[in-house]
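See structure below.
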Amino acid sequence: MPPNFLLVKTSSLGDVVHNLPVVSDLRTAFPEARIDWVVERSFAAIPALHPGVNRVIPCRVRHWRRHPLARQTWREIAALRQTLGQQVYDAVIDTQGLLKSALVARLATGRRHGLDWRSSREPLALFYDQTHPVPWGRHAVVRNRELAAQALGLTVPPGLDYGIVPPEFPPDAGDDDSPQNEDRPWLTDETRYGWVPEGPFALMLHATSADSKLWPEHQWKKLIAHLSGEGIRSVLPWGSPAERGRSMAIAEGMRDAVVAPPLGLRTLAGLMGRAAMCIGVDTGLTHFAAALGRPTVGLYVATDPAATGVLAPGNGVNVGGRGAPPSLVDVLVGLKAVR
């Protein structure tokens, strides 16, 4: 019988993207295998784009941690246990390496694999049936692939394949995961995506969870102005009120800047597929754009791109680094390398 595998990588967005090549590797080695994936519900659209994933199993670990005593929390955990119990897995591979993912892995039936105590941020060896050494200092994508390969006695195959492509855009009604906005009724009919530029445009992924990773607003304005001179408009997506405010501030006074309405992950992936290029700070969406095969430039201000940078040979480059924010010239050189 074909083997059954369960991948546990629940969050965050960038970490989920970094785990996609594991699916491609497993599918190459075991073409007939069943591959399931447990992931945070808010990121479920990402593994769902990979044709090698048989089933995406959503969870809400973040919600459970905020409401540990709520009755609904325990109902959902019991439901997840029941779902995972429907299948006996030949290998349960936790590439997250955190207590939350180890606990999820324990809910599944099968031989559980994880990082050894030297390779993970938390001492979790007791949660697994077998642990594996994966040295620190390697890119997150490489660490994920090496752990999965060791768990199954494989060699990491050459090349790198995220295995996903942008979905259709504009999406069909059934595929549109963008939230409705009652304050802007024009977004609910056939003109819902009328704001998308008809000509070439760049996606400006300016938002990140840490202020230290932000690229200055005046630099974004300079970049938008430069691209405008080349006939390229700029689209600024956002995911929170604070990010929307920053989008508005960057776009203010810029002739060719468009602030997007709220977009779901699958719909945003389709928009990325339409973009001529994507420029983003150290955030999950930048990695998502690169994984989708888009020409992508990662801007690094406070982190080391060697460990967390865009890893997409042929369509992704990184500029800047820890304590060395990139200049506009650096970004333009990066764009030239991927265009």
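The values are calculated or read from the model by the stated rules, or taken from the named source; none is laboratory data. Owing to the predicted nature of the structure, the values given are computational and were not obtained by experimental measurement. Here the Cβ is made from the backbone with ideal geometry for all residues, glycine too, and neighbour counts use every protein chain on show. The accessibility values were calculated without ligands, DNA or RNA, using every heavy atom of the protein model including side chains. Shrake-Rupley method; radii C 1.70, N 1.55, O 1.52, S 1.80 Å.
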Q: Would you mind telling me the share, in percent, of accessible area of the chain contributed by carbon and sulfur at probe 1.4 angstrom?
A: 53 percent
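Which shape class, rounded, prolate or oblate, goes with the stretch 273-339 when its Cα gyration tensor gives a ≥ b ≥ c as root eigenvalues, a/c under 1.5 marks rounded, and past that a/b bigger than b/c marks prolate? Can you show the working numbers first?
Details: a/c = 1.92, a/b = 1.33, b/c = 1.44.
Oblate.
With r as the distance between the Cβ atoms of R322 and T155 and R0 = 35 Å, compute the FRET efficiency 1/(1 + (r/R0)^6) and round to 0.05. Can you show the working numbers first?
Working: r = 32 Å, r/R0 = 0.93.
With R0 = 35 Å, the Cβ-Cβ based efficiency is 0.60.
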Q | Distance between modelled label sites at A225 and S212, nm, 7 Å Cα→Cβ extension | A | 3.1 nm
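May I ask you to derive the FRET efficiency for L99 and E243 from their Cβ-Cβ distance with R0 = 35 Å, giving the value to the nearest 0.05? Mind showing how you got there, number by number?
On the way: r = 29 Å, r/R0 = 0.83.
So, using R0 = 35 Å, E works out to roughly 0.75.
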Q: List every residue whose amide H lies under 5 Å from the amide H of V259, counting only residues 5 or more places away in sequence or on a different chain, with H placed 1.01 Å from N in the peptide plane.
A: L236
(Q) If you take mean projected area of the Cα convex hull in nm² from the coordinates, which of (i) 30.0; (ii) 17.0; (iii) 18.0 do you get? (A) (iii)
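Per residue, how large is the accessible surface of the chain? Use a 1.4 angstrom probe and give square angstrom.
45 Å²
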(Q) Under 10 Å, Cα contacts only: if you run a Gaussian network model on the chain, which one of G314, G298, G273 comes out with the highest mean-square fluctuation? (A) G314
